[in-house]
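Take a look at the structure set out below.
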Amino acid sequence: MHYHCEIVIPPTDDVASAVASVMAAFDENGKDEDGERNSHAFWDFYVIGGRWAGTKAMAKFDKAKIEEFEAWMTAEKLTVSGLRAGKQRLSPDSQRAKVDDKWNEMFPSEKFVPCPMFAHSNDQYAKAGPLAGAIDGDVMRLGDLPPGLECGHVIVAGPRYDGTGLHAKFMLKDDAWNGVNFMKVDWDGTVTSALAKYAEKIRDYQDEFREKATPTADWLVVTVDYHY
């Protein structure tokens, strides 16, 4: 199964390394500081963007406009592959140019982009490099985040005390394993409410530490697609 995670990290020019540092403690094939298997592992593969590439960018668009685009695709009788792994794939491929042209007409940006709804918009498995699976918006300033953005998993990260990278300081998933079964968590699935819960958690920190741990508008929110 693939899951949608949003990771909140301090500003950095090396997003891939920052995410790798946060995710290391949850690698199914990794070891903890005592050489034991990571006890809270939840992934065996992940990619920045992946099948959720474009989710944050699209969440900023007017819903009615998205519905208008979908209605256009229906009217044009566009077809997709019957086999699906992640995003839908246009079939035949010759439809891509038509779809991309219409997308950029309806949702203009500084540069021409492939329609993020379909698999040709990104390298879903990031075979060409750590950020090859991402498209515009997958690494977004927190200050630009759509307030209603939903996902199944949020991690807020910060520097380790020994300065060796980032680690998770707070985490929410939409359900949790209690040793017998999964149970729902008191969380509405939005990144905004997850950050509010995190703020409540660190409310009693000393001012100096709370200030360092509190995400600001310049922090980054990174879309991660992980498999387990």
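Each Lys and Arg adds +1 at its Cβ and each Asp and Glu adds -1 at its Cβ; summed about the Cα centre, region 61-120 shows a dipole of about 280 debye. When each of His40, His153 is scored by the number of other beta-carbon atoms lying within 10 Å, the sequence from fewest to most is His40, His153. Only DSSP H runs of four or more residues enter the estimate; each adds -39500 (n - 2.57), and after division by the residues of the chain the mean residue ellipticity at 222 nm equals -7000 deg cm²/dmol. Between 0 and 90 degrees, the angle of helix 191-201 with respect to the longest Cα principal axis of the chain falls at about 10 degrees.
The Cα trace of the chain gives Rg and Dmax of 19.0, 60 Å, the first to one decimal, the second as a whole number.
Dividing the alpha-carbon Rg of region 6-76 by 2.2 N^0.38 Å yields what? Normalised by 2.2 N^0.38 Å, the Cα Rg of region 6-76 equals 1.66.
Legend: calculated FRET efficiency, Ala176 to Ala199, from the Cβ-Cβ distance at R0 = 30 Å, rounded to 0.05, equals 0.90. Among the trypsin sites (Lys or Arg not before Pro) in region 93-202, those placed in a DSSP loop whose Cβ has at most 14 other Cβ atoms within 10 Å are Lys111, Lys127, Arg160. Here's how it looks for Leu145: its modeled amide H is under 5 Å from none belonging to a residue 5 or more places away or on a different chain.
Beyond 23 Å in Cα-Cα separation lie the following of the pairs Lys56/Lys102; Lys56/Lys77; Lys63/Lys184; Lys98/Lys127; Lys102/Lys127; Lys31/Lys201: Lys56/Lys77; Lys63/Lys184; Lys98/Lys127; Lys102/Lys127; Lys31/Lys201. For the chain, the longest principal axis of the Cα atoms and the long axis of helix 96-106 meet at an angle of about 70 degrees.
For region 61-120, the fraction of alpha-carbon pairs lying more than 18 Å apart is 33 percent, rounded to a whole number. Working note: Karplus 6.51/-1.76/1.60 with θ = phi - 60° gives region 121-138 the couplings 6, 7, 7, 4, 10, 6, 5, 8, x, x, 10, 5, x, 9, 10, 3, x, 5 Hz, where Gly and Pro are set to x.
Using alpha carbons only, how many degrees (0 to 90, rounded to 10) separate the axis of helix 63-75 from the longest principal axis of the chain? Between helix and principal axis, roughly 40 degrees. Over region 1-131, the fraction of Cα-Cα pairs per 5 Å bin, rounded to whole percents and listed from the shortest bin up, is 2, 9, 15, 18, 17, 14, 9, 8, 5, 3, 1, 0. For region 20-36, backbone phi angles converted through the Karplus equation (6.51, -1.76, 1.60; θ = phi - 60°) give residue-by-residue couplings of 4, 5, 5, 6, 4, 5, 10, 6, 4, 9, x, 10, 7, 5, 9, x, 8 Hz, Gly and Pro being listed as x. Build a GNM of the chain with springs between Cα atoms under 10 Å apart, and of Leu90, Leu172, Leu78 the one that fluctuates most is Leu78.
Throughout, read-outs are computed from the coordinates displayed, never taken from laboratory work. Since this is a predicted model, take the numbers as computed values, not measurements. Neighbour counts run over all protein chains shown; Cβ positions are idealised from the backbone, glycine included.
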